[in-house]
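Comments concern the structure below.
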Amino acid sequence: MILQNDIPFDKRVKFLHDNVCEMPSDLGIDKTFDIDGKDIIAGLRDFLSLLKGLYSDTEPFKTGDDREDYNSLFAGVIFLYTFCIHGKLCHRGGEYRIEIDKSVLNLHYRKGNASQKIRFLERHGLAFGYKRSGAECQSMGKATNLVMTCKDKPFLLPALKYFANKCDRDGEGAWIYNGLGIFAKGDYSASILRTPIRRDSIDPLRSDILATVADHSKDWQDLATQAIGCKLSCSGFVSFYSTPSWGVSFFEKGKRPIMIFTLASNRVFIEFTLPLEAAERIISERRELSKGIRQRIESFRCIRCSEKCKGKNIERVDGVSLCKGRAEARRIYMALSEPKDFRSIRRMMELVYNVPES
């Protein structure tokens, strides 16, 4: 998986927005914290709306540095997650609140500028107060405890506390994302329903993946469906840091992936390795492929590998330098930006797996 560092800040955040999960039809919550399950579900629904609101609010973070701006916004979600995981749910004066010892918050939240994150969350209906030795005080600097409330959505905080407690995935195998990822996506199926989503059994046609690839959705569906038809296995995961994206790989069992995709917002980036047994066929047919793929095939060269073969593994095939020693010298890296790019990858799969041309 290759990070797509040229993606604008707004597109990075749109990835988060488009990957917020849908509300399951039945979460099976009867009662928690002595609160009726229907009210908890209402709070959980409010949280999905809160997430989408946070992921649509880029103005407080725009400095011109796409990577740092994104990290600052996402740190606001990390701050909220930390507050909910380590804070204590209280009910006073008819209002729910989550209270946390500041030293505990400082121990577990290490992304900096907590005041900025509080202002960000306050833009979306949450409120924060400060206490010192049980009494209210005016600043976070003097406080020993922080208190979070939400007047407009009375069951949001107990739902948040309930959900955050369910997000921990430690010791349960290779999941596509960790507890923070479950929280950031609002994935109630993974947390509350305990539905496992392992890296090695991912569906490349998941609704959130299709939402991510956006304008390329139909081309992606055709490509992924063909890969499955070629009996290729699929694995994947989600990365939330710096440039959020899906990493999706297709491979024959027991072999290295032939295709590794990085799926960012409306972007499909591929690493395609020409298998040695099919490389000559693909090279010979390169003029029928898209311009971008043809150019990358024609740019194959000696990569001066550590084996120092001094070019002995290079063979000229129809004017192209084909390395028969190192797979990375037969690898295409590019964004698939037009339908012919996707069709060309599908044709290359046909040549690799001897599938009749469609």
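Every condition in (1) assigned by TED's automatic domain parsing to the domain that holds Arg331; (2) touching a residue at least 40 places away in the same chain (Cβ under 8 Å); (3) crowded, with 17+ Cβ neighbours inside 10 Å; (4) under 12 Å from the mean Cα position of the chain (by Cα) holds for Lys185 except the one numbered (1).
Let's see how each residue does on (1) out of contact with any helix residue (DSSP H, G or I) (no Cβ under 6 Å at 6 or more places or on another chain); (2) surrounded by 17 or more Cβ atoms within 10 Å (Cβ to Cβ); (3) assigned by TED's automatic domain parsing to the domain that holds Ser249:
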{"position": "Arg286", "(1), (2), (3)": "no, yes, yes"}
{"position": "Gln295", "(1), (2), (3)": "yes, no, yes"}
{"position": "Cys302", "(1), (2), (3)": "yes, no, yes"}
{"position": "Cys309", "(1), (2), (3)": "yes, no, yes"}
{"position": "Gly319", "(1), (2), (3)": "yes, no, yes"}
{"position": "Arg326", "(1), (2), (3)": "yes, no, yes"}
{"position": "Arg343", "(1), (2), (3)": "yes, yes, yes"}
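Yes or no: the range 209-216 includes at least one residue that is touching a residue at least 12 places away in the same chain (Cβ under 8 Å), among the small types (Gly, Ala, Ser), within 30 Å of Arg97 (Cα to Cα) and not in a loop (DSSP other than H, G, I, E, B). There is no residue in the range 209-216 that is touching a residue at least 12 places away in the same chain (Cβ under 8 Å), among the small types (Gly, Ala, Ser), within 30 Å of Arg97 (Cα to Cα) and not in a loop (DSSP other than H, G, I, E, B).
Output the residues belonging to the range 1-19 that are in a loop (DSSP other than H, G, I, E, B), out of contact with any helix residue (DSSP H, G or I) (no Cβ under 6 Å at 6 or more places or on another chain) and without any contact (Cβ under 8 Å) to a residue 60 or more places away in the chain. Within the range 1-19, Asp6 is the sole residue that qualifies.
Residues are listed down the side, and each one gets a yes or a no for (1) within 30 Å of Asp10 (Cα to Cα); (2) among the hydroxyl-bearing types (Ser, Thr, Tyr); (3) touching a Lys or Arg at 6+ places or on another chain (Cβ under 9 Å):
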| site | (1), (2), (3) |
| --- | --- |
| Tyr177 | yes, yes, yes |
| Phe237 | yes, no, yes |
| Ser242 | yes, yes, yes |
| Ile258 | no, no, no |
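Selection of the range 244-301 for residues being acidic (Asp, Glu) and outside any loop (DSSP other than H, G, I, E, B) yields Glu271, Glu277, Glu280, Glu288, Glu298.
For the range 252-274, taking the residues that are buried (at least 17 other Cβ atoms within 10 Å of the Cβ) and over 26 Å from Asp65 (Cα atoms), the one that is farthest from the chain's Cα centre (by Cα) is identified as Leu274.
For the range 45-96, a residue qualifies if it is among the polar types (S, T, N, Q) and closer than 13 Å to Arg12 by Cα, and the qualifying residues are Ser56, Thr58, Asn71, Ser72. Taken together, Glu68, Glu136, Glu59 contain a single residue that is touching a strand residue (DSSP E or B) at 6+ places or on another chain (Cβ under 8 Å) and acidic (Asp, Glu), which is Glu136. Quick check on Glu285: is it in contact with a strand residue (DSSP E or B) (Cβ under 7 Å, 6 or more places away or on another chain) and over 23 Å from Val248 (Cα atoms)? Answer is no for this residue.
The values are calculated or read from the model by the stated rules, or taken from the named source; none is laboratory data. These figures come from a predicted structure and were not determined experimentally. Note: ideal-geometry Cβ built from the backbone for every residue, glycine included; neighbour counts use all protein chains shown.
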